[in-house]
1. Among Gly92, Gly100, which is the only one that is at positive phi and either out of contact with any strand residue (DSSP E or B) (no Cβ under 7 Å at 6 or more places or on another chain) or touching a residue at least 24 places away in the same chain (Cβ under 8 Å) (or both)?
2. Restricting to the range 196-211, name every residue that is in a loop (DSSP other than H, G, I, E, B) and buried (at least 21 other Cβ atoms within 10 Å of the Cβ).
3. Which residues, taken from the range 228-256, are in contact (Cβ under 8 Å) with a residue 24 or more places away in the chain and more than 16 Å from the ligand (Cβ to nearest atom)?
4. Out of the residues in the range 169-184 that are more than 7 Å from Gly143 (Cα to Cα) and assigned to a loop (DSSP other than H, G, I, E, B), state the one that is farthest from the ligand (Cβ to nearest atom).
5. Residues of the range 282-318 being over 19 Å from Asp264 (Cβ atoms), among the basic types (Lys, Arg) and without any contact (Cβ under 8 Å) to a residue 40 or more places away in the chain, which ones?
6. What's the number of the condition Tyr191 fails, among (1) within 14 Å of the ligand (Cβ to nearest atom); (2) in a loop (DSSP other than H, G, I, E, B)?
7. All but one of (1) open to solvent by 70 Å² or more (accessible area, probe 1.4 Å); (2) closer than 30 Å to Arg61 by Cβ hold for Val261; which doesn't?
8. Name the single residue that is nearest to the ligand (Cβ to nearest atom) among those in the range 112-146 being closer than 26 Å to Asp217 by Cβ and among the polar types (S, T, N, Q).
Amino acid sequence: MKRGTTFLLVIFLVSSLQAGEAFAKRIYVTIGAGSVTGVYFPTAGAMAKIVNKKRKEHGIRATVESTGGSTYNVNSMSLGELDMGLVQSDVGYRAYNGVGDFKGRKVGKLRSVLSLHAEPFHIVANEKIKTFADLKGKRVNIGNPGSGQRSSAEALFTVTPFGLGDIVVEGLKASEAPDFMADGRIDAYFYTVGVGSANIMDVATSHKINIIAVDDDVVAKLKEGRPYYVSAEIPGGIYPNVDKPVKTFAVKATLLTTTDVPDDVVYNLVKTLFEDLDTFKKTHPVLNNLTPAKMLEGLSAPFHPGAEKYYRERGWVK
Ligand code: GLU
């Protein structure tokens, strides 16, 4: 009996010692994504899954939070409430440089990890709306404060023939917009998102929608002095009833972090992800064509030293 108790005590001590050791090595990394109906959320989820598979080796435990979008993610990283976040390249640029909607509140500690898919600016409208000019006087969801589309829309409407004051502005979350459109409570909504997002697929499947083009001359003006905007086309045949390509502009989805996050954490995270890039690419159609070269382009802030160390080792950065 006595011997049994001693034996149990030893087992208990050994296992709690081991648990303590594992606990000491556990590093939590919270990644801010976007709405669950967008592309950031499944993409960040796939990233976390790949990183967590190797958690016994590097100790990192990545978790994903659904958030209000790019601007929310930057603000939360700035406050230290998120360690990493998916952020549109235009929002990242404005935040890092303290311009536009970040004027007077520059987030100088932002650092780039990598970039992902292109995010064309989608204008999803009911079938009566056919052109950008038709949006005048209509009820349009430009996105919740904190969303990337709201920030892009504010930039866009500085170069359009009519301003945001000429539309009835709504500030709904991306996840709410499709239902509001289906019920006729809004006429259109903006969403800067990877092509084929569930949000737009769903409403396009159940309702007849149009995706509205942004005119070439407007895109040309938008690109002046804003190197992070590129001309883009939403291919035809992706969304039901949208058979022809639609011209618009696009940004890139980027993974950002801050100088608060230690170098070895970022190093281990990118290493694990790039070593399993094929798995990652298969998780969403927008990621299928990623290459390491493309994933190091289109960034708005300097590389985080941990990421840069890995890219140098691989010879991707000289
Ligand atoms: N680009 C959007 C934003 O920053 C999010 C898109 C997504 O969730 O895929 O707000």
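The values are calculated or read from the model by the stated rules, or taken from the named source; none is laboratory data. Every value quoted in this text rests on a predicted model; they were computed, and no experiment measured them. Please note: Cβ atoms are built from the backbone with ideal geometry, for glycine as well, and neighbour counts cover all protein chains shown. Heavy atoms of the whole protein, side chains included, go into the accessibility calculation; ligands, DNA and RNA do not. Shrake-Rupley method; radii C 1.70, N 1.55, O 1.52, S 1.80 Å.
1. Details: Gly92 fails: at positive phi.
Criteria check complete, one pass: Gly100.
2. At the first step, the residues of the range 196-211 found to be in a loop (DSSP other than H, G, I, E, B) are 196-197, 207-208.
The one that is in a loop (DSSP other than H, G, I, E, B) and buried (at least 21 other Cβ atoms within 10 Å of the Cβ): Ser197.
3. Result: Glu233, Pro235, Pro240, Asn241, Val242, Val246, Lys247.
4. It comes out as Gly184.
5. Hits for the range 282-318 are Lys282, Lys318.
6. (2)
7. (1)
8. The selected residue is Asn141.
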